[in-house]
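The structure appears right after this line, and notes come after that.
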2 protein chains.
Amino acid sequence: MKALLLITSILFTSLLKAEDGYRLWLRYDKIKNPVMLAQYRNLINSIVVTGTSQTINIARQELLNGLKGLLNKKIPEANAVKNNSIFVNKKPAGQYESPAINYEQLGNEGFAISSMKGRLKDVIFITANTDIGVLYGVFYFLRLIQTQQPINNLNIVSVPKLKLRLLNHWDNLNRTVERGYAGFSIWNWHTLPDYIDQRYIDYARTNASTGINGTVLTNVNANATILTKPYLEKVKALADLFRPYGIKVYLTARFSAPIEIGKLRSADPLNDTVQQWWKEKAKEIYSIIPDFGGFLVKANSEGQPGPQDYKRTHADGANMLADAVAPFNGIIMWRAFVYNPESMDRFKQAYEEFHPLDGMFRKNVLVQAKNGPIDFQPREPFSPLFGAMPQTPLMMEFQLTQEYLGQGTHLVYEATLFKEVLNADTYAKGKGSTVTKVIDGNLDNHELSGMAGVSNIGNDINWCGHPFAQANWYTLGRLSWDPGLSSEQIADEWIKQTFTNDKKTVAVIKNMMLNSREALVNYMTPIGLTHIMYNGHHYGPMPWGNTLNRPDWNPVYYHKADSAGIGFDRTQKGTNAVAQYAAEVQNQFNDINKCPDKYLLWFHHVSWEHKMQSGRTLWNELCYKYYTGVDSVRSFIKQWNSLEKNIDEDRFKQVKQLLTIQLKDAIWWRNACLLYFQTFSKMPIPPDYEQPDKTLEYYKNIKILFAPGN
Amino acid sequence: MKALLLITSILFTSLLKAEDGYRLWLRYDKIKNPVMLAQYRNLINSIVVTGTSQTINIARQELLNGLKGLLNKKIPEANAVKNNSIFVNKKPAGQYESPAINYEQLGNEGFAISSMKGRLKDVIFITANTDIGVLYGVFYFLRLIQTQQPINNLNIVSVPKLKLRLLNHWDNLNRTVERGYAGFSIWNWHTLPDYIDQRYIDYARTNASTGINGTVLTNVNANATILTKPYLEKVKALADLFRPYGIKVYLTARFSAPIEIGKLRSADPLNDTVQQWWKEKAKEIYSIIPDFGGFLVKANSEGQPGPQDYKRTHADGANMLADAVAPFNGIIMWRAFVYNPESMDRFKQAYEEFHPLDGMFRKNVLVQAKNGPIDFQPREPFSPLFGAMPQTPLMMEFQLTQEYLGQGTHLVYEATLFKEVLNADTYAKGKGSTVTKVIDGNLDNHELSGMAGVSNIGNDINWCGHPFAQANWYTLGRLSWDPGLSSEQIADEWIKQTFTNDKKTVAVIKNMMLNSREALVNYMTPIGLTHIMYNGHHYGPMPWGNTLNRPDWNPVYYHKADSAGIGFDRTQKGTNAVAQYAAEVQNQFNDINKCPDKYLLWFHHVSWEHKMQSGRTLWNELCYKYYTGVDSVRSFIKQWNSLEKNIDEDRFKQVKQLLTIQLKDAIWWRNACLLYFQTFSKMPIPPDYEQPDKTLEYYKNIKILFAPGN
């Protein structure tokens, strides 16, 4: 009956122009606040854009269309700067008096936006050294208006802190997306290169609006076919489309491609013929796509081929590819995500394999490491590789797609997760050696630097499935431009552009977003629990999982619960993984009394009776956290429902329904995990909590068939 | 460079409200013709809708929204009928004087629309016996306005000719779609039943607008999981949504489900335990979905399990299921699409297996036959089953998704194909025993009747991939309501609702549509060639295909080209497949001099020098047809380009790009086929034709990897 009521109320909104989410954060709807609208209309009378390149034309059109929408008034383009002009110009302002702009500091991608002083009144000058800098400036300026910021007395200089700001698509050539929860791949390889889907252009434009400047089109579990001529022609079509938006195209290189498509008998990186094959392949690629970015490689990991198949090192493999693309200024991003079944502690393996190779990589190689030592869990300590390879540029790999974060149905704003890692202090060169300083190249003076986000984009109408998942795409763009931005700031911008500038609504949504990841940690993996999801698809809890041949694919490997306690002893008395960190960090994580609660079970096997900082026993704290997680979701539901009148019906209903699933899942997680861990602790769930209404057996019997993203 | 020019011109249309095709034919944009607009505005001042059921509320809202959009004016709802009211009422008009409406003839789904005569001026009365009839009437009325028909002096009575008007989704539970070319499945099983995608509702509404009243949600290559409790709960959510739109839900039944999910050791239809299992399963389904439609079954075909696994007949299998659903008024649609490798002639097998079973099926069984004897080819003679099973209701299975018709990239309007079959005369009861009369139940007095279309719907924004593919969905709805409608009429309606009422534009598009299927036949399989596509994915030509173990999966099996000639001898001297037709048809097809050219190679192995009706030799005719097909596509391109100013930019560009692919493909087909057949005929392609610029080897080496829809 509920469903029926729902029907009649959402019936008629859609075909008559729904809020379908396709426009993302570039909506440019008329400003509702009449005071602000009047101000902007007064301040902007014309635009003057100089230049005729494709990129400048894009900037011009964006400005025209954006202002037309936001101000609900056509702003004319003029030939000469007048009072109240927006002046967009890739050079110093010339005859118009301007504040001194230090062009040198703007570099190749930065821009400045200045309110000019002098003869003319209220002229806003958007400038840069490059066309793409101009485009970024225009997007920034439009964002100011979309978020209703003042535009008088502007004196903005913005320069990206990271050189490579990339999406990593785990998209297969058959259009399935590994860990994708938003439909099929947006890349329709079958109809490329002849058919250009409007989405390709909207994708590029959306990325440019946040500063994303590269995209790896294909899955790291790679298929060599993408490197064949017919597919390179398809890639070229995309590269041509993306170029004016400042976006370079990258591909994943399957290490065994010389065998699979080159008909060689080996892929040994020290073999001349193999090296030659890659050199010729690179030459071919660059003859088709002259500004091709380079390769991303997953090697000797989870069944992927790699240099170790020939008893060579990751450096041997990476360098061979690096030499192939170097003549064309290409780069190699070599992933550090490796682990094998023999390792005592999966935590340690990336470090063990890569740390000794520091200094052995070519200049055009970056090692791309996931934020934590395991695998995109709701919470991980920072990967010990950060700070441990000073001679190698380390690239950050975040995961936007919510593989372990509730997938397509949970509202999780990831900026807080990313910031926690970026702000972590590695102590590599003493206090203040944050992960940010490692990856932006400042700590060790690297020129190459980068951040990648594993894409959450699919062919769903709203691109990302969950309406709030769009925020994570936005976050990747903004944080890779400036890792110093706060989660609050990014959320604020996104909400205002995506939903509304209404203060109360912004505050409520921001509160939900900022607390969403901690809520998820609490109902999934509190106090440093990790990787207790279902095998394979990773949706839902399976802490009892113990049936796979590889121990490190079983949840029990990660929590090690027994009658004595729970947690993975990685102290000096255990696997000594802590030794991979700098002394200051090591000392903290190694000492059960200093280790922060949130990482406790990452590093210690802790007695059920252990007294936590809260004064509760570990068991009671575990219960407390799981129940708190569920309560948070209940609170999100209440908060969201309070916005019914402030949000369009389509997206209001969509999120409301998804929150209901999230609550159901959170309770599932809480009950399944506590009932299971209780078989070891033998302790009761405190009686003031609502008790699980299902048995452990019930939860063990839940099977998710046809889970998405596999 | 071309690509680049394209970019800048299509850049900015999209995010600022694109013509993305989502609204299908229910756009309700303001009428552009000022004269017509004024007329409608004068004639419609208020609406009066009586009733409060969900279906009536849908009708009310549709009418309000539709008129608001079309007339760009809010038409108020009134309590009492006045001059210029639209009066929507499920009963006789009562106090308002009306022309006599024969309610009996309207049945359960028909409706009447009448301009009332009497005291009040210009009242239009929409009425029916049922709520759904009313809704159909409202959609019909709105279509009159969308297509700018006069609405004075209306006296319309419309009653569906077929009882079952169904979409068959070949959608898998993992959201891939077998033979789907428009993205993922729209059914997101993972988030059902809790998350209701707006698309589900828009889907139902769109179907109701054409009279489609049922949908089979799952692939005929079935997975038994759909019959388990958790999935039935998901199905129920859809059934609840669809019910007010008059749409029943059906599922495919995997014949071995009793083994796979019932843990029985057999699925033998004569086994008591198996029968009991299905009875209980049916009971369970109907307890969840009281108006569940029934099952569609593919059995003993292409590897699917079936009754023959137990040496039982199709009737045994169908009847077991029929008995299970009969207490709940469910039906079984049992597919006649069967063939096995032992058969001398695949053409004959469906008839051989099913004809002897006529009269042995339960009353609630329909045998669902594809339109032709083989498999949805560009052209087939009608299946000899039509007319040959007078005691069994035969349901027509058409394929909307373009498996063999250029898939996602060719513009093919299928109504002409469907009508060719429907109009074919089986002579089963003498002249005039058309296929239409067989399937509508008139010829043999069946109460059950139906038409199914294999869905072309996916999660692409525009639903069907190619903008023109929407027309085929529309066609299924309209033709299953009234098989007597002409292709012209349906195209006319669809174009006016989907693109424009502009006369020239309608004429040009209609011309393209009406000629599109014949063009495709010409460049793919002229003169009765068939099934010479690539194995497996069926995209592109592979007449040389000869490598599969099953002869009937190899193209050479179908064309039998040799030095003497080409074609499959199905005459009395050959496999005698012609004997499956009534004498009149048989005599025609059997005689090389009477057999229509278009079916010639279906029935005869014909000498390369054979004189065709045109006076050309067979070889020259073959060349002529292939070249004509390509020329037609060139002509479509010219025609389409002439409409640049009359079509919105988005769809204009989209179709333009697709036509370019279609031309490329048509040339590929022509050259590959003629070069290959030339190796047998040893005859030249007449010199006045442009000669193939590639070799046969070149074409043989083309490999389509990752083709969609597999």
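At a glance:
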| item | result |
| --- | --- |
| Sole residue being surrounded by fewer than 18 Cβ atoms within 10 Å (Cβ to Cβ) and at pLDDT below 95, chosen from A:549, A:511 | A:549 |
| Selection count, the range A:561-587, where residues are buried (at least 17 other Cβ atoms within 10 Å of the Cβ), out of contact with any strand residue (DSSP E or B) (no Cβ under 7 Å at 6 or more places or on another chain) and not small (Gly, Ala, Ser) | 10 |
| Residue count, the range B:659-706 (criterion: within 20 Å of residue B:634 (Cα to Cα), within 14 Å of chain A (Cβ to nearest Cβ) and in contact (Cβ under 8 Å) with a residue 24 or more places away in the chain) | 8 |
| Qualifying position, being within 12 Å of another protein chain (Cβ to nearest Cβ) and either crowded, with 22+ Cβ neighbours inside 10 Å or in contact with a Phe, Trp or Tyr (Cβ under 6 Å, 6 or more places away or on another chain) (or both), among B:205, B:199, B:243 | B:205 |
| Residue within the range A:568-583 that is more than 31 Å from the chain's Cα centre (by Cα) and among the aromatic types (Phe, Trp, Tyr) present | no |
| Residue list for the range B:437-460, filter: in contact with a strand residue (DSSP E or B) (Cβ under 9 Å, 6 or more places away or on another chain) and either under 28 Å from residue B:525 (Cβ atoms) or not in a loop (DSSP other than H, G, I, E, B) (or both) | B:437, B:438, B:439, B:450, B:451, B:452, B:453, B:454, B:455, B:456, B:457, B:458 |
| Residue that is farthest from residue B:400 (Cα to Cα), among those in the range B:478-507 that are acidic (Asp, Glu) and not in a helix (DSSP H, G or I) | B:502 |
| Total residues in the range A:177-217, condition among the polar types (S, T, N, Q), without any contact (Cβ under 8 Å) to a residue 60 or more places away in the chain and assigned to a loop (DSSP other than H, G, I, E, B) | 2 |
| Qualifying residues in the range B:441-477 (those that are out of contact with any Pro (no Cβ under 8 Å at 6 or more places or on another chain) and without any contact (Cβ under 8 Å) to a residue 60 or more places away in the chain) - the one nearest to the other protein chains (Cβ to nearest Cβ) | B:471 |
| Residue A:327 vs. criteria out of contact with any Ser or Thr (no Cβ under 8 Å at 6 or more places or on another chain), surrounded by fewer than 19 Cβ atoms within 10 Å (Cβ to Cβ) and under 25 Å from residue A:214 (Cα atoms) | yes |
| Checking residue A:99 against (1) touching a helix residue (DSSP H, G or I) at 6+ places or on another chain (Cβ under 9 Å); (2) farther than 18 Å from residue A:150 by Cα; (3) more than 14 Å from every other protein chain (Cβ to nearest Cβ); (4) part of a loop (DSSP other than H, G, I, E, B), the condition it does not meet | (1) |
| Residue in the range B:400-418 that is within 10 Å of the chain's Cα centre (by Cα) and either surrounded by fewer than 24 Cβ atoms within 10 Å (Cβ to Cβ) or within 14 Å of chain A (Cβ to nearest Cβ) (or both) present | yes |
| Criterion (away from chain B (no Cβ under 12 Å), in a loop (DSSP other than H, G, I, E, B) and touching a Phe, Trp or Tyr at 6+ places or on another chain (Cβ under 8 Å)) met by exactly one of A:249, A:220 | A:220 |
| Subset of the range A:86-139 (residues that are within 30 Å of the chain's Cα centre (by Cα) and of a type in the set (Lys, Arg)) | none |
| The lone exception for residue A:426 - which of (1) within 14 Å of chain B (Cβ to nearest Cβ); (2) crowded, with 23+ Cβ neighbours inside 10 Å it fails | (1) |
| Single residue of B:615, B:709 found to be on the phi > 0 side of the Ramachandran plot and within 14 Å of chain A (Cβ to nearest Cβ) | B:709 |
| Residue that is surrounded by 23 or more Cβ atoms within 10 Å (Cβ to Cβ), in contact with a strand residue (DSSP E or B) (Cβ under 8 Å, 6 or more places away or on another chain), modelled with pLDDT of 95 or more and more than 11 Å from chain A (Cβ to nearest Cβ), where the choices are B:210, B:215 | B:215 |
| From the options B:605, B:537, residue that is crowded, with 18+ Cβ neighbours inside 10 Å, more than 24 Å from residue B:683 (Cβ to Cβ), out of contact with any helix residue (DSSP H, G or I) (no Cβ under 9 Å at 6 or more places or on another chain) and not aliphatic (A, V, I, L, M) | B:537 |
| Exclusive hit being out of contact with any helix residue (DSSP H, G or I) (no Cβ under 9 Å at 6 or more places or on another chain) and not in a strand (DSSP E or B), set B:354, B:376, B:347, B:337 | B:376 |
| Restricting the range B:633-652 to residues that are assigned to a helix (DSSP H, G or I), buried (at least 20 other Cβ atoms within 10 Å of the Cβ) and touching a residue at least 24 places away in the same chain (Cβ under 8 Å), the residue that is nearest to the other protein chains (Cβ to nearest Cβ) | B:633 |
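The values are calculated or read from the model by the stated rules, or taken from the named source; none is laboratory data. Since we're looking at a predicted model, the values are computed, not measured. Note: ideal-geometry Cβ built from the backbone for every residue, glycine included; neighbour counts use all protein chains shown.
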